[in-house]
Structures are given as C-alpha cells and as structure tokens.
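Engineer: Can you keep this structure in mind? I'll have questions shortly.
Values in this text are rule-based calculations from the coordinates and carry no lab data. Just so it is clear, the structure is predicted and the values come from calculations on it, not from any experiment. With ideal geometry, Cβ positions are generated from the backbone for all residues, glycine too; neighbour counts draw on all protein chains shown.
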Amino acid sequence: MAEHDVIILRLGYRLGRDPRITTHLALVARALGANRFLFSGDEDERLPENIASVNQRFGGDMIVKHIKSPMAWLRKFVKDGIDGNPPGIAVHLTMYGASYRSVTPTIRRDRPLVVIVGGAKVPSEVFQVSQYNLAVGNQPHSEVAALALFLDGWYGSGSVETTLDGGELIINPSNTGKDVTDTK
C-alpha cells in the first residue's frame, strides 16, 4: 500500500437489501480515485466480480474484498498500520460530523487513508476510533453522495483522471453523444 492509497470501508452490508447501493459506492470510489474497497456484513462474491469486470472493461485495478472483523481491522489500521505501512488516517462519513469542506484540507496526506461509510447501524466505536467524523450535510442523505463529495474534496475538484490504465474501452468526453474507443 502506497502512502497515497485511499481505502473505502463499507460497514454492515446486507445482501438482501444493499447490493445496488454498495455497488454504487464501489463504482464511485473507483472512478474518483480509491484503490481498495472493503466491505463487512454479509459475504457477496458478486460484488468483487462486478468491480473486476468494470476494471477489465474500463481500466483500473481497484480491489474489492470482504472482511469479517471490520472493527479489528480499523483499530489495527489506525494504531499499528496494515501490511507494513504506517498507522493510517480514518475518516468516518456521518451526518453528525463536522463540515468536510473545512476539515478535509487539514487532514494529513502522508499516510494511508480509510474512508468509513456506514450501513444499517454504525457501531459507536467508529466515532471514537476515527480521527475525523465528517459530514457533507447535517441532514439525512445518501452515503453515495457523501462519498462522492468527500473524494472530490480530497483530490480537488476536477483533478481525478477520467481514464484508468488497462481498460478495453476508453470513453472520450463528448458534448454531442457517445464516443468510445475499443482497444481490443
């Protein structure tokens, strides 16, 4: 894991209820620069397969993985570091947090970052373990919107590459219709 890695941790995935929203979280995370997407709760082998398929078609190498003990992983990430890396920074996205616009510029960027996105019920310990509890607004809202706004603020508006290496398809921005290059 490089110092600039951004990991998304999706808590409390429910297979019967959350596949679409969690897939959208992973797609937004991938498109806006995150390189790992971890999810806890129910196991779902389709989620990693779906994102691997998107990587193959459109480039990128985001890894999607289920973890059984997210709180143990998070405590280790923040306290000791993971995979031989220094301790990381944990940002918890919550409508109860401080304004992401004012806090994001102050967050260290020389360590791995995990962005925690809640599910059905976020354990109260997440608020204590996270160095930052941030909100994109203090009203109920979509976690997909919160993640997109935070990542846009993290990377700087408009600074994320829109073409990822290794894809079979390259979307060429166009104001008049679909313009896709097939590299196969």
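Engineer: Using a/c under 1.5 as the rounded threshold, could you call region 50-160 rounded, prolate or oblate? The axes a ≥ b ≥ c are square roots of the C-alpha gyration tensor eigenvalues, and prolate needs a/b larger than b/c, oblate otherwise. Can you show the working numbers first?
Structural biologist: Values: a/c = 1.31, a/b = 1.07, b/c = 1.22.
Judged from the Cα gyration tensor, region 50-160 comes out rounded (a/c under 1.5).
Engineer: Take TYR155, TYR96 and order them by how many other Cβ atoms sit within 10 Å, fewest up front. Mind showing how you got there, number by number?
Structural biologist: On the way: TYR155 15, TYR96 11.
Ordered from fewest to most neighbouring Cβ atoms within 10 Å, TYR155, TYR96 come out as TYR96, TYR155.
Engineer: What residue among ALA145, ALA72, ALA90 has the largest mean-square fluctuation in a Gaussian network model of the chain, using Cα springs under 10 Å?
Structural biologist: ALA72
Engineer: Counting only helical runs of four or more DSSP H residues, what would the 222 nm mean residue ellipticity of the chain come to if each run contributes -39,500 (n - 2.57) and the total is spread over all its residues? Display every interim value, and only then the final one.
Structural biologist: Working: 6 runs with 58 residues, N = 184.
For the chain, the value works out to -9000 deg cm²/dmol.
Engineer: Please report THR104, THR183, THR22 as a ranked list, fewest other C-beta atoms within 10 angstrom at the top and most at the bottom.
Structural biologist: THR183, THR104, THR22
Engineer: Please count, across the chain, the pairs of lysine residues with Cα atoms under 26 Å apart that sit 8 or more places apart or on different chains. Provide the component values of the computation, followed by the final result.
Structural biologist: On the way: LYS65/LYS76; LYS65/LYS79; LYS65/LYS121; LYS68/LYS76; LYS68/LYS79; LYS68/LYS121; LYS76/LYS121; LYS79/LYS121.
Value for the chain: 8.
Engineer: On to the next question. Which distance in nm do the two modelled labels at GLN128 and LYS178 give, with both placed 7 Å along the Cα-to-Cβ direction?
Structural biologist: That separation, rounded to one decimal, is 5.2 nm.
Engineer: Could you put ASP179, ASP83, ASP42 in order, starting from the residue whose Cβ has the fewest other Cβ atoms within 10 Å? All intermediate terms of the calculation are to be shown ahead of the outcome.
Structural biologist: Working: ASP179 11, ASP83 8, ASP42 17.
With the fewest neighbours first, ASP179, ASP83, ASP42 line up as ASP83, ASP179, ASP42.
Engineer: Now for a separate question. Out of GLN131, GLN56, GLN139, any idea which swings most in a Gaussian network model of the chain, alpha carbons joined below 10 Å?
Structural biologist: GLN139
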